[in-house]
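As structure tokens, the structure follows; a few thoughts come after it.
Throughout, read-outs are computed from the coordinates displayed, never taken from laboratory work. These numbers were taken from a predicted model, which means no experiment stands behind them. Reconstructed Cβ throughout: ideal geometry from the backbone, glycine too, with neighbour counts over all protein chains shown.
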Amino acid sequence: MSEGAQVKKALILAAGFGTRFLPASKVIPKVMFPVLDKPIIQIIVEEVVKAGISDITFVVSPLLPEIRRHFEPFPELNVLLARSGKRNELDELKKIERMAKFSFCFQKPGRYGTGAAILSARQLIGDKPFLMLFSDEFYYSNPPWITQLVNAYEEFQGSILGCIRTTKPEDGNRFGFVTGEAVNEKITRVADLVEKPGVGKAPSSLASMSGMVFEPEIFDCFVEADKELPEDKELFQTYGVKKMLAKGKPFFAVEYQNYRYFDTGDRFGYLKSLVELGLEYPQFKEEFSNWLKNKISQSQG
């Protein structure tokens with residue numbers, strides 16, 4: 001770790017097949033599902049760019065080329081839009097193409113899991129700290145959630161886990177949970193990360209979510225964990241975190257402030273995201289709100 005290091009690169013994991021959305025996700029990757037007029041993954045990229053990070057790597061499956069196509073130029077479509085006089089649509093597509101420097105790599109065959117996906121991007125990420133994100137959840141917050149992560153890293157110069165508070169017993173089956181000593185009202189120095197401890201068994205109320213800043217040493221930790229795991233086990237990011245903690249590397253958890261959480265990883269979460277953001281969409285929020293009230297009234301009548 002170099003003194004005063006800054007986060008300049010982001011890694012987004014997008015190699016999954018979204019099996020909870022089959023058959024819809026058989027041809028269209030789950031992360032390309034629209035939230036109104038933008039795919040989920042574009043919303044996440046926009047949040048990354050908003051935080052000042054413009055070097056973005058995706059880990060994708062070779063069977064899901066649509067993700068790459070979305071962020072790369074589509075000359076034939078651009079020409080068609082120009083000839084049709086659809087200048088606004090053309091400008092929007094060009095904006096996406098120029099939003100950041102995009103790189104893509106495939107998750108290496110053999111080992112599955114988020115840790116294996118991260119390890120697949122080692123060559124593209126290099127030896128600098130990097131932001132790591134899942135591709136099916138995002139936040140709207142003030143300040144922006146990724147800015148909160150980056151600011152915490154730059155203040156404490158240690159790896160960062162983005163977290164929220166939850167006391168729901170069922171969340172013990174959904175998230176990993178952080179234990180440690182509070183540094184201040186927003187920051188905890190991490191002692192351990194317990195992955196999905198079980199219903200009602202969370203060791204704390206601080207749940208680890210999407211949004212992590214890793215020091216590059218995490219790659220060596222994944223290599224070590226990979227050698228120790230049986231071939232049929234998934235290599236999760238938790239293994240790398242635990243290895244780094246065992247080596248005495250500083251790890252901190254930042255509790256997101258003033259946030260709204262959008263989980264599009266399952267059907268109900270995706271539906272809730274559509275409704276909540278639809279109620280805020282400038283072009284039709286009032287009309288949609290009235291329609292929704294009428295539907296609810298009819299269903300209760």
| message | If packing is taken as the average count of other Cβ atoms within 10 Å, what order do 159-167, 257-265, 7-15 fall into, highest mean first? | response | 7-15, 159-167, 257-265
| task | Tell me which residues come under 5 Å, amide H to amide H, from Met132 once H is placed; ignore anything under 5 positions away on its chain. | result | Leu11, Met212, Val213, Phe214
| note | In whole angstrom, the spacing between the Cα centers of the range 242-301 and the range 58-110 equals 26
| query | Using 1/(1 + (r/R0)^6) with R0 = 22 angstrom and r between the beta carbons of Ser205 and Gln257, what's the FRET efficiency to the nearest 0.05? | reply | 0.90
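With 30 Å as the limit, write out which pairs from Lys186/Lys227; Lys168/Lys233; Lys9/Lys168; Lys26/Lys128; Lys108/Lys243 have Cα-Cα distances beyond it, or answer none.
Numbers: Lys186/Lys227 36 Å; Lys168/Lys233 28 Å; Lys9/Lys168 34 Å; Lys26/Lys128 36 Å; Lys108/Lys243 21 Å.
Table pairs above 30 Å Cα-Cα are Lys186/Lys227; Lys9/Lys168; Lys26/Lys128.
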| said: Once you place label points 7 Å from the Cα toward the Cβ at Lys285 and Asp266, how far apart are they in nm? | reply: 2.9
| field | Estimated distance in nm for a label pair at Ser61 and Glu46, the labels positioned 7 Å out from Cα along Cα-to-Cβ | value | 2.7
| task | Could you run the Karplus curve 6.51 cos²θ - 1.76 cosθ + 1.60 with θ = phi - 60° over the range 17-32 and give me ³J(HN,Hα) per residue in whole Hz, x for Gly and Pro? | result | 9, x, 5, 5, 10, 5, x, 4, 8, 5, 10, 9, x, 3, 6, 9
| query | To the nearest 0.05, how large is the calculated FRET efficiency for Thr167 and Asp127 if R₀ is 35 Å and r is the Cβ-Cβ distance? | reply | 0.35
| note | In order over the range 129-144: 3J(HN,Hα) from phi, Karplus 6.51/-1.76/1.60, θ = phi - 60°, whole Hz, x for each Gly or Pro, gives x, 9, 8, 10, 9, 7, 10, 10, 8, 8, 9, 10, 8, 9, x, x
| field | Label-point separation in nm, Phe17 to Glu72, each point 7 Å along Cα→Cβ | value | 2.3
| remark: Sequence order, the range 103-114: Karplus ³J(HN,Hα) from phi using 6.51 cos²θ - 1.76 cosθ + 1.60, θ = phi - 60°, Hz rounded, Gly and Pro as x, gives 10, 9, 9, 9, 5, 5, x, x, 8, 9, x, 5
